[in-house]
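Down below is the structure, laid out as structure tokens.
The values are calculated or read from the model by the stated rules, or taken from the named source; none is laboratory data. Source: prediction; values computed, not measured. Cβ: placed from backbone, ideal geometry, glycine included. Neighbour counts: every protein chain shown.
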Amino acid sequence: MNQLFLPFALPEIGEEEIAEVVSTLRSGWVTTGPKAKQFEADFAELIGGGVEAIAVNSATAGLHLGLEALGIGPGDEVITTTHTFTATAEIIRYLGADPVFVDVDAKTLCIDVAAVDAAITPRTKAIIPVHFGGRAADMVALLAVARKHGLRVMEDAAHALPTTCGGKLVGTLDSDITVFSFYANKTITTGEGGMLVTRNPDIANRARVMRLHGINRDAFDRFTSKTPSWYYEIVAPGFKYNMTDVAAAMGIHQLKKANLFQQKRAHIAALYDAAFAQLPIICPPHAEIGDIHSWHLYPIQLDDSVEVGRDTFIDSMFAQGIGCSVHYIPLHLHPYWRETYKLTPEMFPDSQHIYEHTLSLPIYPRMTGADVARVIAAVKVALG
Ligand SMILES: *Cc1c(COP(=O)(O)O)cnc(C)c1O
């Protein structure tokens, strides 16, 4: 029996990433420079559809820059889902605007588009859907609602590389902005990092300027172009959100493996699906037929018939050496959001029910067949 603890998530870092980081360190250029530029170009090419890609030091930074570029400010409302990580909503507060939280569709675990429609007021300016776990939200319906009301759409695609929706890669849909995350446990990683993607040149230019102090040329341009290297102009009170070349060096090689990683995750998801088919477990929703699910997460729901509670179930998994997590403690339960916006569980019955019955199992490329079998065996024991 393997007694080693199986962590909930582990990055898959190869020798290529390590060599590129080392050569970056030796190059003398460690902050934003040639590697970040190359990573942006490679990313834009992989996404396709003529997008511009702007590398930042987190998806949270990218989401903040995106909403800022859309001109969101005090008095504005932005609709998003309660069933997400706090970063999705906190960036709305950074700009002094107010999030309006809606429930999820229990079938997709993504934002309920009918609830979005019902939540629109004269103050509503934008919608932020989340592709939960890497399964695309219903973007056709959501974009139709946005268009009908003249609202902007920014996709939180922190889980969604690579994910498709209607056969199109997330990042190329008809929204204004899409933001990806390269946090340590995401589908590809740069340790910390993110990418803002848009086809709108005004948004791209604004995000580029605001990502580095509101300077109208970045440091790399300053030190490599012909005009005097010391000269720059500040055109806005910007942020410090640029991606370092050390991080981008990892990203260049992680990106090449994004499709392979997705295939490995999809394989694990299929093994779980088959193993749990006869158990009182609700498996996570699949992508629509013909679409790609990134399988960032594999959240299971315990059926109402399961006697053992979710917390006890997770304790049992840990006791058997398997790390699990919960995605998410919905925002309506956290003190800041609950108290500021007077939120109650009754306002979000689907998210609340899912939260109380759900846990996420390990799913990452480094897992072996034996690891997957161990998780499956532990689930059967934990069910009691
Ligand atoms: C991870 C995550 C983020 C934030 O990503 P960072 O790169 O850590 O800033 C935002 N939204 C969702 C849904 C996430 O899971």
If you check 45, 12, 17, which single one turns out to be in a loop (DSSP other than H, G, I, E, B) and over 19 Å from residue 239 (Cβ atoms)?
12
Just to be sure I understand, how many residues within the range 89-138 are farther than 22 Å from residue 284 by Cα and either of a type in the set (Val, Ile, Thr) or touching a residue at least 40 places away in the same chain (Cβ under 8 Å) (or both)?
16
Spot the failing condition for residue 203; the list is (1) more than 14 Å from the chain's Cα centre (by Cα); (2) within 16 Å of the ligand (Cβ to nearest atom); (3) in contact (Cβ under 8 Å) with a residue 60 or more places away in the chain; (4) buried (at least 21 other Cβ atoms within 10 Å of the Cβ), and only one is missed.
(2)
Going by what's in this entry, would residue 60 be described as under 18 Å from the mean Cα position of the chain (by Cα) and not charged (D, E, K, R)?
yes
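Got a sec? Which strands (runs of 3 or more DSSP E) wholly within the range 55-139 have at least 2 residues that are within 12 Å of the ligand (Cβ to nearest atom) and modelled with pLDDT of 95 or more?
Working: elements: 77-81, 98-102, 124-128.
Fully inside the range 55-139 and qualifying: 77-81.
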Evaluate the range 302-316: report whether one residue or more is within 16 Å of the ligand (Cβ to nearest atom) and on the phi < 0 side of the Ramachandran plot.
no
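May I ask you to verify whether residue 210 is within 14 Å of the ligand (Cβ to nearest atom) and surrounded by 21 or more Cβ atoms within 10 Å (Cβ to Cβ)? Working first, answer last.
On the way: within 14 Å of the ligand (Cβ to nearest atom): no; surrounded by 21 or more Cβ atoms within 10 Å (Cβ to Cβ): yes.
Answer is no for this residue.
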Looking only at the range 14-38, count how many residues are within 27 Å of residue 361 (Cα to Cα) and crowded, with 16+ Cβ neighbours inside 10 Å.
1
Within the range 300-319, identify whether any single residue is in contact with a helix residue (DSSP H, G or I) (Cβ under 6 Å, 6 or more places away or on another chain), assigned to a loop (DSSP other than H, G, I, E, B), buried (at least 21 other Cβ atoms within 10 Å of the Cβ) and not assigned by TED's automatic domain parsing to the domain that holds residue 39, and answer yes or no.
no
Those residues of the range 348-373 which are of a type in the set (D, E, K, R) and closer than 25 Å to residue 305 by Cβ, in sequence order:
350, 356
One residue is enough: does the range 50-62 have a residue meeting the conditions within 30 Å of residue 358 (Cα to Cα), of a type in the set (Gly, Ala, Ser) and touching an Asp or Glu at 6+ places or on another chain (Cβ under 8 Å)?
yes
Candidates 43, 39, 85, 101 - the one that is aromatic (Phe, Trp, Tyr) and under 30 Å from residue 321 (Cα atoms):
85
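Does residue 108 fit the bill of being closer than 23 Å to residue 58 by Cα, within 19 Å of the chain's Cα centre (by Cα) and among the hydroxyl-bearing types (Ser, Thr, Tyr)? I'd like the intermediate steps shown before the answer.
Details: closer than 23 Å to residue 58 by Cα: no; within 19 Å of the chain's Cα centre (by Cα): yes; among the hydroxyl-bearing types (Ser, Thr, Tyr): yes.
Judged against the criteria, residue 108 is not a match.
Pick from the range 321-345 the residues that are outside any loop (DSSP other than H, G, I, E, B) and among the β-branched types (Val, Ile, Thr): which of them is farthest from residue 275 (Cα to Cα)? Walk me through how you get there before you give the answer.
Step one: list which residues in the range 321-345 are outside any loop (DSSP other than H, G, I, E, B), which gives 322, 325, 331-333, 335-341, 345.
Now drop any that are not among the β-branched types (Val, Ile, Thr), which leaves 322, 340.
On the way: 322: 17, 340: 43 Å.
Filtering first and then ranking leaves 340.
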Of all residues in the range 174-200, which are surrounded by fewer than 23 Cβ atoms within 10 Å (Cβ to Cβ) and away from the ligand (no atom under 15 Å from the Cβ)?
174, 176, 199, 200
If you go through the range 346-384 one residue at a time, how many are in contact with an Asp or Glu (Cβ under 9 Å, 6 or more places away or on another chain), part of a helix (DSSP H, G or I) and either free of Cβ contacts under 8 Å to residues at least 12 places away in the same chain or farther than 28 Å from residue 294 by Cα (or both)?
1
